[in-house]
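Following: one structure in structure tokens, then a few remarks.
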Amino acid sequence: MIDLDCFSKRRDRFLAQLGDKAAVIPGAPLVTHHSDCEYPFRQNSDFWYLTGFDEPDAVALFLPYRPKGEQYILFVLPKRSTDEVWTGFRWGTEGAVGRFGADIAHSIDELAIRLSDYLVGADGIAFRVGKHPQVQALVLKAWTEQLDKFQRNGSGALSLVAPCPLIHQLRLRKEKIEIDRMREAARISAGAHELARNIVRPGMNERQVQALIEQYFLDHGARGPAYQSIVAGGDNACVLHYTANNSQLADGDLLLIDAGCSLFDYYNGDITRTFPINGHFTGEQRALYEIVLKAQEVAIDLVSPGQNAENVHESAVRIIVEGLLDLGLLRGSVDSLIEQRAYSHLYMHRTGHWLGLDVHDVGAYRLGEYPVKLQSGMVLTVEPGIYISDRLPVPQDQPSIDERWKGIGIRIEDDVLVGDFEKEVLSLNALKSVESMQFAK
Ligand code: GLY
Ligand code: MN
Ligand code: MN
């Protein structure tokens with residue numbers, strides 16, 4: 001688990017960037033699943049990044065214009081034995097100060113009456129509109145009062161700005177301790193993939209494989225899956241976000257598994273492997289697998305400081321288009337196929353995304369017209385694929401697809417850390433060579 005000291009350092013950096021603005025950063029509420037049952041609690045990642053506080057219905061205020069000792073305020077659920085007997089231990093206001101380093105803490109019930117007072121001295125408010133309806137109502141009311149006061153006093157928190165650019169810029173480059181945690185998330189996730197490949201047999205159900213993977217996550221100290229595990233046999237793999245996981249695995253099909261764990265401090269793995277259910281590729285499966293693998297290796301090779309995610313994507317696209325041309329699944333010149341995206345019925349997604357506290361982590365990919373340059377400490381996935389099914393129409397001028405190719409969906413995904421000089425593939429313990437995907441069953 002990440003130690004509490006690092007949250008305090010992040011708060012110092014965040015406070016220093018706020019100028020004279022107050023930041024209001026809400027945590028997550030519990031979300032209803034059905035009737036009065038809730039989904040497992042998942043803290044808001046921005047709130048977590050700054051506080052390390054893992055209870056629902058909390059709000060943090062950051063007030064850089066106030067004296068030291070009054071700059072970090074937490075509003076939390078109060079300790080109440082009649083609630084704790086149902087839902088378990090709470091830190092309450094004492095714990096918010098004593099353990100989590102808040103300068104001052106109040107019950108969340110007091111946010112409505114205290115917010116205005118805490119804004120005295122601010123020249124603006126940093127709050128993400130549109131995501132937190134209950135807190136937003138209080139912030140907008142307090143902001144309206146500030147605007148009215150400005151009318152009379154000539155000072156007040158006039159502007160309302162988004163805090164995301166500041167926090168997300170911090171989150172995009174991972175600290176050393178975060179990188180250690182992401183190594184751990186990738187290590188556990190990779191172990192689950194290795195286990196699954198060794199156990200899968202024709203006739204098993206996708207959900208049995210899901211159960212094995214997720215049991216492995218829990219057994220190895222993770223909180224659980226980072227996202228809905230995708231366990232997709234045969235043609236199901238051509239549904240990019242397939243999560244039904246309820247089909248029998250057929251002899252002769254491939255199995256695509258996209259699964260990663262989330263640690264108790266919310267760092268995530270995100271790995272995809274695809275392998276033959278009976279241990280042997282058919283000629284068509286192997287030909288396509290080799291293209292995806294080469295595309296992924298070329299793209300990973302490009303990950304280095306100064307490069308950018310668009311070039312990484314484009315390098316994978318080029319290898320995929322060249323490979324599909326060789327197999328007769330595309331027709332034309334490489335450049336025009338790429339320019340017209342005439343491959344997009346076979347490869348329809350981007351090659352990766354930032355990874356961190358969110359699986360699709362925060363941080364811009366472009367700054368205006370310029371792609372964001374990779375810098376050491378950034379972590380991204382590299383995940384090209386080929387998916388051959390009847391779901392999308394074949395573009396005009398492109399060859400129709402022979403039945404023998406259909407129902408093949410392949411993706412290979414790794415988590416890659418940009419280093420000062422060298423990249424590090426965090427998920428390298430999940431094997432992916434053609435040879436390691438095949439064995440006697
Ligand atoms: N598992 C989600 C993704 O690969 O983006
Ligand atoms: Mn991914
Ligand atoms: Mn994935």
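The values are calculated or read from the model by the stated rules, or taken from the named source; none is laboratory data. No experiment lies behind these values; they were computed from the predicted model shown. Backbone-built Cβ (ideal geometry, glycine too); neighbour counts: all protein chains shown.
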**Asked** Is there any pair linking a residue in the stretch 383-402 that is free of Cβ contacts under 8 Å to residues at least 24 places away in the same chain to one that is basic (Lys, Arg) and part of a loop (DSSP other than H, G, I, E, B), with Cβ under 8 Å and at least six apart or on different chains, and which?
**Response** Asp390/Lys406
**Request:** Report the residue count in the stretch 182-235 for those that are assigned to a helix (DSSP H, G or I), within 15 Å of ligand 3 (Cβ to nearest atom) and among the polar types (S, T, N, Q).
**Result:** 2
**Asked** Which one of these is within 15 Å of ligand 1 (Cβ to nearest atom), closer than 19 Å to Arg183 by Cα and basic (Lys, Arg): Arg273, Arg223?
**Response** Arg273
**Prompt:** Within the set of pairs 6 or more residues apart or between chains, which connect a residue that is surrounded by fewer than 18 Cβ atoms within 10 Å (Cβ to Cβ) inside the stretch 55-78 to a residue that is of a type in the set (D, E, K, R) with Cβ atoms less than 8 Å apart?
**Reply:** Gly69/Asp103; Glu70/Asp103; Pro78/Arg90; Pro78/Asp109
**Fill in**
Counting only residues in the stretch 251-261 that are in contact with a Gly (Cβ under 6 Å, 6 or more places away or on another chain) and not acidic (Asp, Glu), the one farthest from ligand 2 (Cβ to nearest atom) is identified as Leu255
**Output for the stretch 183-202, where each listed residue is surrounded by fewer than 19 Cβ atoms within 10 Å (Cβ to Cβ) and among the acidic types (Asp, Glu)** = Glu194
**Message:** Filter the stretch 87-97 down to the residues that are under 31 Å from the mean Cα position of the chain (by Cα) and either within 15 Å of Ile73 (Cβ to Cβ) or at pLDDT 95 or above (or both) and list them by number.
**Reply:** Gly88, Phe89, Arg90, Trp91, Gly92, Thr93, Gly95, Ala96, Val97
**Asked** How do the pairs read when you match residues in the stretch 155-182 that are surrounded by 15 or more Cβ atoms within 10 Å (Cβ to Cβ) with residues anywhere that are assigned to a strand (DSSP E or B) and of a type in the set (Ser, Thr, Tyr), using Cβ under 6 Å and keeping only pairs 6 or more apart or on different chains?
**Response** none
**Request:** Of the numbered conditions (1) over 30 Å from Asp180 (Cβ atoms); (2) within 16 Å of ligand 1 (Cβ to nearest atom), Leu325 fails exactly one; give the number of that condition.
**Result:** (2)
**Request:** Mind telling me which of the residues Ala287, Ala299 ends up being among the aliphatic types (A, V, I, L, M), more than 16 Å from ligand 3 (Cβ to nearest atom) and touching a residue at least 40 places away in the same chain (Cβ under 8 Å)?
**Result:** Ala287
**Prompt:** Within the stretch 53-91, can you find the residues that are in contact with a Pro (Cβ under 7 Å, 6 or more places away or on another chain) and among the charged types (D, E, K, R)?
**Reply:** Asp57
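Looking only at residues that are free of Cβ contacts under 8 Å to residues at least 60 places away in the same chain and either within 16 Å of ligand 3 (Cβ to nearest atom) or of a type in the set (A, V, I, L, M, F, W, C) (or both) in the stretch 240-272, which one is surrounded by the most Cβ atoms within 10 Å (Cβ to Cβ)? Don't jump to the end; show me each part of the working.
Of the stretch 240-272, the ones free of Cβ contacts under 8 Å to residues at least 60 places away in the same chain are 241-252, 255.
Next, only the ones that are either within 16 Å of ligand 3 (Cβ to nearest atom) or of a type in the set (A, V, I, L, M, F, W, C) (or both) stay: 241-245, 249-250, 255.
Values: His241: 10, Tyr242: 20, Thr243: 16, Ala244: 13, Asn245: 20, Leu249: 23, Ala250: 16, Leu255: 25.
Per the stated criteria, the residue is Leu255.
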**Message:** Of everything in the stretch 354-365, what is touching a residue at least 40 places away in the same chain (Cβ under 8 Å) and either away from ligand 3 (no atom under 16 Å from the Cβ) or part of a loop (DSSP other than H, G, I, E, B) (or both)? Give them in sequence order.
**Reply:** Leu355, Gly356, Leu357, Asp358, Val359, Asp361, Val362, Gly363, Ala364, Tyr365
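For the subset of the stretch 319-353 comprising residues that are charged (D, E, K, R) and closer than 11 Å to Ile291 by Cβ, which member is nearest to the chain's Cα centre (by Cα)?
Looking at residues that are charged (D, E, K, R) and closer than 11 Å to Ile291 by Cβ, I get Glu322.
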**Asked** Can you name the residue in the stretch 1-43 that is without any contact (Cβ under 8 Å) to a residue 12 or more places away in the chain and assigned to a helix (DSSP H, G or I) and, of all such residues, is surrounded by the most Cβ atoms within 10 Å (Cβ to Cβ)?
**Response** Asp12
